[in-house]
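Chemist: This is the structure, below, for whatever I ask next.
The values are calculated or read from the model by the stated rules, or taken from the named source; none is laboratory data. It should be emphasised that the depicted structure is a prediction, and the values quoted were computed from it without experimental measurement. Cβ: placed from backbone, ideal geometry, glycine included. Neighbour counts: every protein chain shown. Just so you know, the surface numbers come from the protein's heavy atoms only, side chains and all, with ligands and any DNA or RNA stripped out. Shrake-Rupley method; radii C 1.70, N 1.55, O 1.52, S 1.80 Å.
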Amino acid sequence: MSDTLPAVDNRVAVATEEPSRGRIAVLTADKVEEVEFFYPYYRFVEAGYRVDVITPSGGPLTGFRGFGIQHTQPLADTDAADYLLLYVPGGLAPTQLRTDPAALDFIRAFATAHKPIGLVCHGPQVLVSAGLVDGLRLTSWPEVGPEIEAAGGTWIDEPVIQDRNIFTARKPGDLPAELHRIMTFLGHQEDHDA
């Protein structure tokens, strides 16, 4: 028996054998909170979606605690029109994304097209920097609350807030409730499109 794993990147999800239900973009950067990245990533794949992990420059992704995946898609090679949903995990990754004009334009393209966007923890910081918070009800990690309020949003300390097509959660423990809400929303969209 070999001590090495057969997979080059043993954290990359193995897709189901069913036809894809569509594509989901996970936009992130180094220092992402691993639970907030891997939980939705695997959950979307498990539900039959093709998930593209998108980072500013592509290549390896390293999380806050050193876990990650070896290959991501460069942001420059993406088009929001190709995706059903955008998901932005938290940790320190949003700090990098919010200063990247291409990342903010990518997020704005989803908002303009009224496509669903999911965010957790510090993820809503990118909405603030993209100028998309005014008039929205959101939740986040508590320290992001004042930024949301200053940008014209309403911060609510609840596990999951859905305002139109924007889904937000406070922390890793809220992810099951948030992903349930997102999956239900996607299911209704599929029923409507059928």
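Chemist: Mind checking the angle between helix 175-193 and the chain's longest principal axis? C-alpha axes, 0 to 90 degrees, to the nearest 10.
Modeler: Computed tilt is about 90 degrees.
Chemist: Could I ask something else about it? Given 5 Å bins starting at zero, what is the percent of C-alpha pairs of region 111-191 in each, up to the one with the largest pair distance?
Modeler: 3, 17, 29, 25, 15, 8, 2, 0
Chemist: Could I ask something else about it? With the radius of gyration and the Kirkwood radius both derived from the Cα set of the chain, what is their ratio Rg to Rh?
Modeler: Taking Rh as the inverse mean 1/r over Cα pairs, Rg/Rh reads 0.96.
Chemist: May I pose another question? Select from GLY68, PRO159, LEU84 the residue farthest towards the positive end of the dipole of the chain; place +1 on Cβ of Lys and Arg, -1 on Cβ of Asp and Glu, and compute about the Cα centre.
Modeler: So the residue furthest toward the plus end is PRO159.
Chemist: What is the extension gain from GLU46 to THR16, computed as 0.36 nm multiplied by their sequence separation minus the C-alpha to C-alpha distance, in nm to one decimal? List each step's numbers first, then the result.
Modeler: Working: separation 30, 0.36 × 30 = 10.80 nm, distance 0.68 nm.
Gain on extension, GLU46 to THR16, equals 10.1 nm.
Chemist: If R0 is 30 Å, what FRET efficiency do you get for ASP105 and ASP163 from their C-beta distance, rounded to 0.05?
Modeler: That gives a FRET efficiency of 0.90.
Chemist: Okay, moving on. What is the helix-to-structure angle for 101-112, meaning the angle in degrees between its Cα long axis and the longest Cα principal axis of the chain, kept from 0 to 90 and rounded to the nearest 10?
Modeler: Tilt relative to the chain: about 70 degrees.
Chemist: So how exposed is ASP193, as accessible area in Å² (1.4 Å probe, rounded to 10)?
Modeler: Rounded to the nearest 10, that gives 120 Å².
Chemist: For the chain, give the percent of accessible area contributed by carbon and sulfur heavy atoms, probe 1.4 Å, rounded to a whole number.
Modeler: Here carbon and sulfur together make up 54 percent of the probe-accessible area.
Chemist: Each residue of region 38-43 in turn: what ³J(HN,Hα) in whole Hz from Karplus with 6.51, -1.76, 1.60 and θ = phi - 60°, glycine and Pro shown as x?
Modeler: 3J(HN,Hα) across region 38-43, in whole Hz: 6, 4, x, 4, 5, 5.
Chemist: With θ set to phi - 60°, apply the Karplus curve 6.51 cos²θ - 1.76 cosθ + 1.60 along region 147-164 and write out the HN-Hα couplings as whole Hz, x wherever there is a Gly or Pro.
Modeler: 5, 4, 4, 5, 8, x, x, 10, 8, 10, 8, 9, x, 9, 10, 10, 10, 6
Chemist: I would also like to ask the following. Which value at 222 nm does the chain reach when only helices count, each DSSP H run of 4 or more adding -39,500 (n - 2.57), with the total divided by all residues and rounded to the nearest 500 deg cm²/dmol? Present the calculation step by step, with values, prior to reporting the outcome.
Modeler: On the way: 6 runs with 61 residues, N = 194.
Result for the chain, helices only: -9500 deg cm²/dmol.
Chemist: Return one whole number: the accessible area per residue of the chain in Å², for a 1.4 Å probe.
Modeler: Details: 9460 Å² over 194 residues.
On a per-residue basis, 49 Å².
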